[in-house]
Amino acid sequence: MEKIIKGKAYVLGNNIDTDQIIPAEHLVYSTSIPDELKMYGHFALSGVPIDKAGLPNGNIPFIKDDKTESEFTIIIGGTNFGCGSSREHAPLALNVAGVKAIIAESYARIFYRNSVDGGFLIPIESEEKLNDKIKTGDELEIDLIKNLVKNNSNKTEFELKPLGSVFEIVESGGLFNYARKNQMI
Amino acid sequence: MGKTITEKIFEKNSHRKNLTPGESVWLDVDVLMTHDVCGPPTISIWKNEFGDKAKIWDKDKLVIFPDHYIFTKNVHANRNVDVLRQFASEYQLPNYYDVGTERYKGVCHIALAEEGYNIPGTVLIGTDSHTCTSGAFGMFATGVGNTDAAFILGTGKIWEKVPESMKFIFNGELPNYLTAKDLILQILGDITTDGATYRAMEFDGEAIRQMNMYERMTLTNMAIEAGGMNGIISVDDVTRNYLNEIGIYSYDEFYSDNDAKYYSTYKYDVSKIEPTVAKPHSPDNRDIVRNVEGTKLTKCYIGSCTGGKITDFQFAVKILFGNKVKVPTFVVPASTQVAKQLEVETYNGITLKNIFENAGCVIAESSCAACLGGPSDTIGRSTDGDVVISTTNRNFPGRMGSKKSEVYLASPLTVAASAINGFITDPRNFL
């Protein structure tokens, strides 16, 4: 696990549900065929209404044209990020698009589990509301040891909550690696 | 100190005592359920991660219901069902319910109840967020993703945090204009879409005890809409009678102790609740029907695990009988058993199916259908500019198809009344 994560921010609102992260109609693609897997990256966050895509101004597509990866690798969310369905395709789609971490005030349970257990990305909770303090395109640097996120675009800094009981699973890179490390399987 | 039902089931299936909420434990899984959307990736993770050692922990405890994208020409969707079929055949799975055969059941959460997989006191995990539906049977049931499911497939185990519990008590006798859907929309408005995150939602009270199993399942089904880990209702004679009828007589009954600790308790007098809707674009955007009455509609939809059970159609025909719908209205029985019941059950001497046909509704085959949009040829899918009223469970942007459509969630009574007028209508106008 990288302890320092650098990347450009993509800012979203509250209650970003799994249909906005990856609309249900795209769940037909195989996750084990590489060319089809890329489609999940292409359609990542395609369900977000365009005026709310990339706050504060909106109208910033997460994925440009026919690309399958995004220039934005850190997502800033609000409350209840990833609510809705149980589809693991949601954190997977963000992972395929190149997202390394999400910072949000809170997460829906299944999305949080899927992110951690699947080893797709690191879901981090912020101590305060950040989607009104960080702008899409800001250059961020997350420090998972000090539990801080620095905004290098305007030299501000915010505290993050420690990963807590899931730290070991995150550090192992997912549930299966964790279980192998602990001789559970 | 006393314990809640959920805590007692956690103790039983973790083989531990005196658990406290927040603690992580490994639970033995009694049933793992999956379907055509999450089954194929689950199988692929299981094969990759376990490699040569990949072995299904207990074939009898694995249940597979293809139900999401069934009646579509989408080749990728059809291939997903092929993957399940091959897997079931390769491993000789006893509990696979294949499309295009007599065994096909339709929506998994309803089929789990009908086929006797909902056993009080047990732990049922499914690769679908609405797996919490099964909690109506006094059991712990929750949804997970593919990695967790693949881990269970190989080990029979899942890690889970012991949830705190919230209690929702509905006192009084349910009036004829209300259904379980109105009650859960009421709760969602009160606690919002993350009001129960990581918690158990326990339902009780006279109004709940008067409900049949299908209505109870509407409540537990939408626990996930408040972020709940599970919804749960303790066993009573209604549960026992349902189980007896399908030949299930032996199980563990757990009850919350009088001194069990709850995160919070909400008490409602059902006589004060009005027909309720969730306005676009969130299940917690609650209002009473009277306040949005007159909103013009382009589609009406009665279906899904939430609102496509036999009781939902029994409610709808009370209003649709002898009337015609003014906008396209889709009737999608959740399961093939419900579809058969529509042909047999009567109201005023006419079968439910005929009442829907006479009213001008489109009756579709059993599946999840347009509840979650689905491939572009899915029946009832919303298109740009649509304003839909639906008995389903979610109305986030694009959930039923187009991002440029609006969805109101309501009870089958409210949807039926609205279908007749072509605009949102309080069911009391027809009752």
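The values are calculated or read from the model by the stated rules, or taken from the named source; none is laboratory data. Owing to the predicted nature of the structure, the values given are computational and were not obtained by experimental measurement. So basically every Cβ, Gly included, is an ideal-geometry build from the backbone, and we count neighbours across all protein chains shown. In case anyone asks, the SASA skips ligands and DNA or RNA and just uses the protein heavy atoms, side chains included. Shrake-Rupley method; radii C 1.70, N 1.55, O 1.52, S 1.80 Å.
Quick check, is A:Ile185 away from chain B (no Cβ under 14 Å) and among the β-branched types (Val, Ile, Thr)?
no
Starting from residues that are touching an Asp or Glu at 6+ places or on another chain (Cβ under 6 Å) and open to solvent by 10 Å² or more (accessible area, probe 1.4 Å), keep the ones in segment A:9-40 and report whichever is farthest from B:Ala150 (Cα to Cα).
Once the filter is applied, the top-ranked residue is A:Tyr29.
With respect to B:Ala316, determine if the residue is in contact (Cβ under 8 Å) with a residue 12 or more places away in the chain, crowded, with 24+ Cβ neighbours inside 10 Å, within 23 Å of the chain's Cα centre (by Cα) and outside the structural domain of B:Ile184 (by TED's automatic domain parsing).
It is true that B:Ala316 is in contact (Cβ under 8 Å) with a residue 12 or more places away in the chain, crowded, with 24+ Cβ neighbours inside 10 Å, within 23 Å of the chain's Cα centre (by Cα) and outside the structural domain of B:Ile184 (by TED's automatic domain parsing).
From the list B:Tyr97, B:Tyr198, B:Tyr177, pick out the single residue that is closer than 26 Å to B:Ser335 by Cβ and in contact (Cβ under 8 Å) with a residue 12 or more places away in the chain.
That would be B:Tyr97, the only listed residue that is closer than 26 Å to B:Ser335 by Cβ and in contact (Cβ under 8 Å) with a residue 12 or more places away in the chain.
Restricting attention to segment B:154-165, and to residues there that are buried (at least 24 other Cβ atoms within 10 Å of the Cβ) and either over 30 Å from B:Lys55 (Cβ atoms) or among the hydroxyl-bearing types (Ser, Thr, Tyr) (or both), which single residue is farthest from the other protein chains (Cβ to nearest Cβ)?
Step by step, filter segment B:154-165, then rank; the result is B:Ser165.
Is it the case that some residue within segment B:78-92 is of a type in the set (D, E, K, R), within 19 Å of B:Ala364 (Cα to Cα) and surrounded by fewer than 20 Cβ atoms within 10 Å (Cβ to Cβ)?
No, segment B:78-92 contains no residue that is of a type in the set (D, E, K, R), within 19 Å of B:Ala364 (Cα to Cα) and surrounded by fewer than 20 Cβ atoms within 10 Å (Cβ to Cβ).
When segment B:23-66 is examined, which residues are found to be within 9 Å of chain A (Cβ to nearest Cβ) and either touching a Cys at 6+ places or on another chain (Cβ under 8 Å) or closer than 16 Å to B:Thr142 by Cβ (or both)?
B:Ser24, B:Trp26, B:Cys38, B:Thr42
Select, from B:Phe313, B:Phe330, the only residue that is modelled with pLDDT of 95 or more and within 23 Å of B:Ile273 (Cβ to Cβ).
Just a single option satisfies the conditions, and that option is B:Phe313.
Consider only pairs whose beta carbons are under 8 Å apart and that are at least six residues apart or on different chains; among these, list those whose first residue lies in segment B:131-153 and is within 10 Å of chain A (Cβ to nearest Cβ) and of a type in the set (Ser, Thr, Tyr) and whose second residue is open to solvent by 10 Å² or more (accessible area, probe 1.4 Å) and part of a helix (DSSP H, G or I).
Qualifying pairs under 8 Å: B:Thr147/B:Ile45.
Within segment B:395-431, how many residues are more than 14 Å from chain A (Cβ to nearest Cβ), surrounded by fewer than 24 Cβ atoms within 10 Å (Cβ to Cβ) and in contact with a helix residue (DSSP H, G or I) (Cβ under 9 Å, 6 or more places away or on another chain)?
Total meeting the criteria: 7.
Which condition does B:Leu372 not pass, out of (1) among the aliphatic types (A, V, I, L, M); (2) open to solvent by 10 Å² or more (accessible area, probe 1.4 Å); (3) farther than 17 Å from B:His68 by Cβ, if it passes all the others?
Unmet condition: (3).
Where in segment A:100-177 are there strands (runs of 3 or more DSSP E), lying wholly inside it, with at least 2 residues that are open to solvent by less than 10 Å² (accessible area, probe 1.4 Å)?
Correct list: A:101-104, A:122-125, A:139-143, A:148-151.
Go through segment B:264-307 and tell me which strands (runs of 3 or more DSSP E), entirely inside it, have 2 or more residues that are more than 30 Å from B:Pro21 (Cα to Cα).
Qualifying strands (runs of 3 or more DSSP E): B:276-278, B:286-288, B:299-303.
Would you call A:Thr79 within 13 Å of another protein chain (Cβ to nearest Cβ), of a type in the set (Val, Ile, Thr) and either surrounded by fewer than 24 Cβ atoms within 10 Å (Cβ to Cβ) or under 18 Å from B:Gly195 (Cα atoms) (or both)?
Yes: the conditions hold for A:Thr79.
Return the only residue of B:Ser256, B:Ser271 being open to solvent by 70 Å² or more (accessible area, probe 1.4 Å), touching an Asp or Glu at 6+ places or on another chain (Cβ under 9 Å), modelled with pLDDT of 95 or more and more than 19 Å from B:Glu225 (Cα to Cα).
After ruling out the rest, the residue left standing is B:Ser271.
Here are some residues: B:Thr346, B:Thr351, B:Thr392, B:Thr336. Which one is in contact with a Cys (Cβ under 6 Å, 6 or more places away or on another chain) and either within 14 Å of chain A (Cβ to nearest Cβ) or surrounded by fewer than 24 Cβ atoms within 10 Å (Cβ to Cβ) (or both)?
After applying the criteria, what remains is B:Thr392.
Restricting the search to segment B:374-389, which residues are of a type in the set (Val, Ile, Thr) and away from chain A (no Cβ under 12 Å)?
Selection gives B:Ile379, B:Thr383, B:Val387, B:Val388, B:Ile389.
Could you please give the count of residues in segment A:43-67 that are open to solvent by 10 Å² or more (accessible area, probe 1.4 Å) and over 18 Å from A:Leu92 (Cα atoms)?
Residues meeting the conditions: 13.
Name the residue that is nearest to the other protein chains (Cβ to nearest Cβ), counting only residues in segment A:28-45 that are without any contact (Cβ under 8 Å) to a residue 60 or more places away in the chain, under 13 Å from A:Val96 (Cβ atoms) and assigned to a loop (DSSP other than H, G, I, E, B).
In this case the residue turns out to be A:Ser32.
Tell me, yes or no, whether segment A:18-27 has at least one residue that is within 14 Å of chain B (Cβ to nearest Cβ), under 13 Å from A:Val99 (Cα atoms), among the β-branched types (Val, Ile, Thr) and not in a loop (DSSP other than H, G, I, E, B).
Within segment A:18-27 (the criterion being within 14 Å of chain B (Cβ to nearest Cβ), under 13 Å from A:Val99 (Cα atoms), among the β-branched types (Val, Ile, Thr) and not in a loop (DSSP other than H, G, I, E, B)), the answer is yes, since at least one residue qualifies.
Which condition number does A:Ser70 fail, the rest of (1) more than 14 Å from every other protein chain (Cβ to nearest Cβ); (2) of a type in the set (S, T, N, Q); (3) open to solvent by 20 Å² or more (accessible area, probe 1.4 Å) being met?
(3)
Filter segment B:193-208 down to residues that are among the β-branched types (Val, Ile, Thr) and open to solvent by less than 10 Å² (accessible area, probe 1.4 Å), then give me how many there are.
Selection size over segment B:193-208: 2.
Given the condition open to solvent by 10 Å² or more (accessible area, probe 1.4 Å), assigned to a helix (DSSP H, G or I) and within 12 Å of chain A (Cβ to nearest Cβ), answer yes or no: does some residue in segment B:5-22 qualify?
No, segment B:5-22 has no match at all.
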